[in-house]
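One structure is given here, and the rest of the page talks about it.
The values are calculated or read from the model by the stated rules, or taken from the named source; none is laboratory data. Computed from a prediction, not measured in an experiment: that's the story for all the values here. All Cβ positions, even for glycine, are placed from backbone atoms using ideal geometry, and neighbour counts span all protein chains on display.
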Amino acid sequence: MEYSKIRIIADQAVKIAAENFNVQGTANPLPGEIDFNFKIDASDGQQYILKVSRPNENEDYLDFQQKLLLYASEHAKDLTSPQVVPDRRGNLISEIRDDYGQIRKVRLLSWISGRVWSGVNPQLDDLRYSLGEQCGRLTKALQGFDHPEAHREFVWDISQGNWTTEYLDLFKNGDKEVISYFQNQFKESQPGYSKLRKAVVHNDANDNNVIVSGDLIDPHVISAIDFGDSVHTQIINDLAVACAYAIMGHNDPLEAAMPIVQGYHHAFPLEETELEHLYMAIAMRLVISVTKSAINKKEEPDNSYLLISEEPAWELLRKWRDINADFAHFSFRGACGYTAHPKEEEFLAWAKKHSFSLDKLFPSVGSNTVYPLDLSVSSKWLGHEKDFNDLDYFQYRLNKLQGEHPSKILAGGYLEPRPLYTTTSYDKIGNKGRESRSIHLGVDFWLPAATAVHALFDGEVVTAVNDAGDKEYGGLVILRHREEGFEFYTLYGHLSVGSAIRHKLGAHLRAGDEIGVLGSCAENGNWAPHLHFQIMLSMLEFKIDFPGVGYYSQTHLWKSLCPDPNLLFQAKGLEGRQATSNADILEYRNQHLGKSLSLQYKVPIKMVRGAGQYLMDQYGRKYLDTVNNVAHVGHEHPEVVRAGQEQMALINTNSRYLHENINELAKELLETLPPELSVLHFVNSGSEANELAIRMVKAATGQRDIIASEVGYHGNTNMCIDISSYKFDGKGGQGAPEHTHIFPLPDAFRGKYRGENTGEQYALEVKKQMDIILDKGRGVGAFIIEPIISCGGQIELPEGFLAKAYQYVREAGGLCISDEVQVGCGRMGTTFWGFQLHGVVPDIVTVGKPLGNGHPLAAVACTQEVAERFANGMEYFNTFGGNPVSCAIGTEVMRVVKREKLQEHALAVGTYLKKELRILVREFPIIGDVRGQGLFLGLELVDENMEPLAEKTDYLANRMKDHGILMSTDGPDHNVLKIKPPMVFTQENASELIFYLRKILGEDFMKL
């Protein structure tokens, strides 16, 4: 019958609810495949769901649903499930006659308040765990229930999925191949699959049948509704359905499924045999879904609900086809607390009974002892990225180390997180941003080229190739071994070309036979000669290679699949190192470090390595850094590191001795400054620079009164705190000291004066403070301000403000200080220094963070007049200020900025990023303002009343961290997201930043 003749509309639903159930109210339609569903908002405040069947619906089927709901209510009192509401005559199933005279069955159920799963964003691990747990608890509660209709023929029952083969011709080309692949695999799995546990299960935890709590920070699943698809089937199918819908839209669907499986198993323990079939069950649910959609397109083209999951299901099905079934099976086992590989314990027991000396593997070496070589992310031996990427130098250092330990074999690396794998071929975009393979899965033995490698035990050659896969191994041989009823594999990588090609597949080697010899650098992608030795309990369908490096998030799985090779050797030094946990580091820090020290993020990160615009934690995860402007020319810039190392090897002493380094740094700085600023003093930090600047002011003017901005921050020394409103007006502060005078933050967006042309008004506020000083019979010492106020929230000074303020200050005899600690050295893009944006020349300029690129180095530049007055007989001496090492580093930083054209780069990338951020403003109204210059930008989040949104800003920064992007908040109301990355930050980085900002800004908490 035509869809239009069976459809029920809202007005009809209102009438049905009133006449059959005596419920007065309004009706809103809800999705449904078979029933016509409506939410009823009753006039007495109660809420219900009205379900109107299609004509001639099987009443036994409806009876099954109602009795199932009653059973769930009785046996699952700790669960929230829909309650059956009898009609006015006490019937659980009511009846109407529609406009065409057709009899329709009607049911009324209680409404469960909350959000539908499909409307929840984000759907994080904890939420998916609660989904699995809820489904598992419901399955447990339904144990023992049965009904004849539970055994009906039902197209949505995965166990009956073979019906889809009749419709294979609805698909073409690649899609047809995917469908047929899973259909064939499903048929082949029947002998084991058919024996799995069966019960009546919900079978329909799709994204419109799962209700989630209203908590936007920590949501959880409240209930699964709509029992219309319940059926007696394999229990694992219920979990498969929940997974199939909840992992749609994820870059890594297998990873997304893990919390659901964990939650289900926690509530209803799954058997190992069931997990063998979960991968296929998920696939078959998707096959059924896309097949139904293809059929429905023909039969009911106007019913959009029937097609709602088609595209997401196809996207997931194609990704699922690319996942190895064994890998998925092992992942599911690990999620449930079983050994990820079913044969792991058997292998461990076998290995415990057998031991092999290293001279069996390398007879010509004559050594059974190793020297552990640390190539981890935290390795100090490994050194700088430029060092380990210089393969000749790396080989030289290996040779030197071997010479220091001639009787030992250099070896190590099992489950070691390494920074060596820097090409994009080791990266993927996962569910939480970019991920890099970093966990080494075997042991490396560093030995000379042509060292012979021998078989430890009998084996069959299953792989013998050169340049396997992504050239991880060079010449590669893999042997299969059968021992005591199970099999495993050993992998020999980085052999010579001749070693690999001399073996035929299927050939058998005996224990002691030569497998091959180690390849030269030229044969192994220029890597130093070594053997990569790895054990695998499964080949995962790999034929010509096998991963030698895994993702940290999968370590538990790979540890089971690729056991420690040292189980065979029991070699001292290969046991691996136990790193100090973050929890232990935090505990010690809390006990013994200053109580006022804070950590970034709700879950702190341990960083152990930096490179360019990235930081890396101890597991090898890279984080895109958008906040550390201290690393001005990039974290651990190789030329800056080299400059410091070279000078440190010669001498480091104070500036009382002659040395050209201090002059070289002075020349580099003076080249960028106006000629008026021609005298320099070198210190160790921005705080020291501003401290010295204030001393200069007092010496030059004889005055102590300083004018500064509200929420300004100029350092952590006593004198700097005294002029920093950000500190003394904040927590623990005691307000402005007698000689500090604060004018309102010159914020044209949300300050005292707003909009354009506010420069003069804010300059008059500076003048008011001058008048207060003069009224007290004192003179103005100085006016200090950042050209863009950092801690105030990346506040750009209004046009004309700084020039006018400088004019007023100088008319009163005061000096003007430009604090360039945050913004200087080319970051502004348009200009090298921030004050140059405003067409002024200060009397004193302070420079800090960028100058040393992380090394403690800062400077004060001043006019000759100020310098002469400061030289009043009291010597200024700084033990470390201007030392040769610091100056060598600072000089190289300045030269890198110029040589690599980083100022121009900051302008180009900053302009692009600012433009893209302003596009976000149109999409997300809570971004009230985008401001800043070059690579010193800020986003301010406010509501429609211009009130600050600190909680949302904090949420945004922490969620960006979850996706591998470091951000931080600032501003007096903590509602500004600051962007001040290393200057090597690229346009590609900017695009990645925008992508994830858009993603997180679209989440529910941000939209509230």
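Within the range 275-310, how many residues turn out to be modelled with pLDDT under 85 and not in a helix (DSSP H, G or I)? Of the residues in the range 275-310, 6 are modelled with pLDDT under 85 and not in a helix (DSSP H, G or I).
Of all residues in the range 510-533, exactly one satisfies the criterion of being in a helix (DSSP H, G or I) and either surrounded by 23 or more Cβ atoms within 10 Å (Cβ to Cβ) or among the basic types (Lys, Arg) (or both), namely 524.
Going by the conditions given, is residue 227 aromatic (Phe, Trp, Tyr), modelled with pLDDT under 95 and within 30 Å of residue 78 (Cα to Cα)? So residue 227 passes the test. Screening residue 186 with (1) in contact with an Asp or Glu (Cβ under 9 Å, 6 or more places away or on another chain); (2) more than 30 Å from residue 996 (Cβ to Cβ); (3) crowded, with 20+ Cβ neighbours inside 10 Å gives one miss only, at (1). Got at least one residue in the range 111-132 being closer than 30 Å to residue 1003 by Cβ, part of a loop (DSSP other than H, G, I, E, B), of a type in the set (A, V, I, L, M) and without any contact (Cβ under 8 Å) to a residue 12 or more places away in the chain? Yes.
Of everything in the range 198-242 that's more than 24 Å from residue 37 (Cβ to Cβ) and among the acidic types (Asp, Glu), which residue is surrounded by the fewest Cβ atoms within 10 Å (Cβ to Cβ)? Going through the qualifying residues, I end up with 218. Take the conditions (1) in contact (Cβ under 8 Å) with a residue 24 or more places away in the chain; (2) within 28 Å of residue 61 (Cα to Cα); residue 258 misses just one of them, which is (2).
In this structure, is residue 492 of a type in the set (Phe, Trp, Tyr) and over 28 Å from residue 366 (Cβ atoms)? Step through it out loud before you land on a result.
Working: of a type in the set (Phe, Trp, Tyr): yes; over 28 Å from residue 366 (Cβ atoms): no.
Answer is no for this residue.
Sort out which residues of the range 7-40 are part of a helix (DSSP H, G or I) and either outside the structural domain of residue 62 (by TED's automatic domain parsing) or not hydrophobic (A, V, I, L, M, F, W, C) (or both), and write them in order of number. Result: 11, 12, 15, 19, 20. Could you please let me know if residue 144 is surrounded by fewer than 18 Cβ atoms within 10 Å (Cβ to Cβ), of a type in the set (Gly, Ala, Ser) and modelled with pLDDT of 90 or more? Taking the combined requirement at face value, the residue satisfies it. Residues that are buried (at least 16 other Cβ atoms within 10 Å of the Cβ), among the β-branched types (Val, Ile, Thr) and touching a residue at least 12 places away in the same chain (Cβ under 8 Å) number at least 1 in the following helices (runs of 4 or more DSSP H) confined to the range 534-605: 555-561. For the range 152-211, filtering for residues that are farther than 13 Å from residue 285 by Cβ, assigned to a loop (DSSP other than H, G, I, E, B) and among the β-branched types (Val, Ile, Thr) leaves 0. The residue that is farthest from residue 46 (Cα to Cα), counting only those in the range 89-110 that are part of a strand (DSSP E or B) and polar (S, T, N, Q), is 94.
Out of 608, 627, one residue alone is outside any loop (DSSP other than H, G, I, E, B) and of a type in the set (A, V, I, L, M, F, W, C). It is 608.
For the range 58-88, a residue qualifies if it is of a type in the set (D, E, K, R) and either closer than 14 Å to residue 112 by Cα or in a helix (DSSP H, G or I) (or both), and the qualifying residues are 59, 60, 63, 67, 74.
Just a yes or no: is a residue in the range 380-394 polar (S, T, N, Q) and either modelled with pLDDT of 90 or more or part of a helix (DSSP H, G or I) (or both)? Please lay out each step first, then the result.
As a first pass, look at the range 380-394 and keep what is polar (S, T, N, Q): 389.
Filter again for either modelled with pLDDT of 90 or more or part of a helix (DSSP H, G or I) (or both), leaving 389.
Yes - at least one qualifying residue is present in the range 380-394.
When 685, 655, 678 are checked against the criterion of being within 20 Å of residue 822 (Cβ to Cβ) and touching a strand residue (DSSP E or B) at 6+ places or on another chain (Cβ under 9 Å), a single residue qualifies: 685.
Looking at the range 922-937 only, could you name the residues that are surrounded by 15 or more Cβ atoms within 10 Å (Cβ to Cβ) and not small (Gly, Ala, Ser)? Walk me through how you get there before you give the answer.
The first filter runs over the range 922-937 and keeps only residues surrounded by 15 or more Cβ atoms within 10 Å (Cβ to Cβ), leaving 924, 926-937.
Passing the criteria: 924, 926, 927, 929, 930, 931, 933, 935, 936, 937.
So that you can scan it fast, the table gives a plain yes or no per residue for (1) of a type in the set (Gly, Ala, Ser); (2) in the same structural domain as residue 149 (by TED's automatic domain parsing); (3) over 27 Å from residue 145 (Cβ atoms):
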site	(1), (2), (3)
65	no, no, no
72	yes, no, no
96	no, no, yes
123	no, yes, yes
127	no, yes, yes
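Only one of these is in contact with a Gly (Cβ under 8 Å, 6 or more places away or on another chain), in contact (Cβ under 8 Å) with a residue 40 or more places away in the chain and either assigned to a helix (DSSP H, G or I) or within 30 Å of residue 837 (Cα to Cα) (or both): 668, 664, 691. Name it. I'd like the intermediate steps shown before the answer.
On the way: 664 fails: in contact with a Gly (Cβ under 8 Å, 6 or more places away or on another chain); 691 fails: in contact (Cβ under 8 Å) with a residue 40 or more places away in the chain.
The unique qualifying residue is 668.
May I ask you to verify whether residue 172 is closer than 22 Å to residue 257 by Cβ, over 31 Å from the mean Cα position of the chain (by Cα), of a type outside the set (S, T, N, Q) and surrounded by fewer than 18 Cβ atoms within 10 Å (Cβ to Cβ)? Please lay out each step first, then the result.
Numbers: closer than 22 Å to residue 257 by Cβ: no; over 31 Å from the mean Cα position of the chain (by Cα): yes; of a type outside the set (S, T, N, Q): yes; surrounded by fewer than 18 Cβ atoms within 10 Å (Cβ to Cβ): yes.
No.
Scanning the range 816-834 for residues that are more than 20 Å from residue 978 (Cβ to Cβ) and of a type in the set (Phe, Trp, Tyr) turns up just one, 832. The single condition among (1) within 18 Å of the chain's Cα centre (by Cα); (2) surrounded by fewer than 21 Cβ atoms within 10 Å (Cβ to Cβ); (3) not aromatic (Phe, Trp, Tyr) that residue 613 does not meet is (2).
Has the range 775-795 got any residue that is in contact with a helix residue (DSSP H, G or I) (Cβ under 7 Å, 6 or more places away or on another chain) and of a type in the set (Ser, Thr, Tyr)? The answer is no, given that none of the residues of the range 775-795 is in contact with a helix residue (DSSP H, G or I) (Cβ under 7 Å, 6 or more places away or on another chain) and of a type in the set (Ser, Thr, Tyr). Considering 400, 353, 386, 319, which residue is of a type in the set (D, E, K, R) and assigned by TED's automatic domain parsing to the domain that holds residue 180? Going through 400, 353, 386, 319 in turn, the sole match is 319.
If you check residue 940 against the conditions, is it crowded, with 19+ Cβ neighbours inside 10 Å and charged (D, E, K, R)?
Details: crowded, with 19+ Cβ neighbours inside 10 Å: yes; charged (D, E, K, R): yes.
Yes, satisfied.
Test residue 131 against the criterion of being in the same structural domain as residue 206 (by TED's automatic domain parsing) and within 30 Å of residue 278 (Cα to Cα), and give yes or no. Quick ask: steps written out before the conclusion?
Details: in the same structural domain as residue 206 (by TED's automatic domain parsing): yes; within 30 Å of residue 278 (Cα to Cα): yes.
Answer is yes for this residue.
What residue, among those in the range 151-163 that are within 39 Å of the chain's Cα centre (by Cα) and either over 19 Å from residue 239 (Cα atoms) or among the small types (Gly, Ala, Ser) (or both), is surrounded by the most Cβ atoms within 10 Å (Cβ to Cβ)? So the residue we want is 161. Filter the range 438-457 down to the residues that are farther than 22 Å from residue 373 by Cβ and at pLDDT below 95 and list them by number. Of everything in the range 438-457, just one residue is farther than 22 Å from residue 373 by Cβ and at pLDDT below 95, namely 457.
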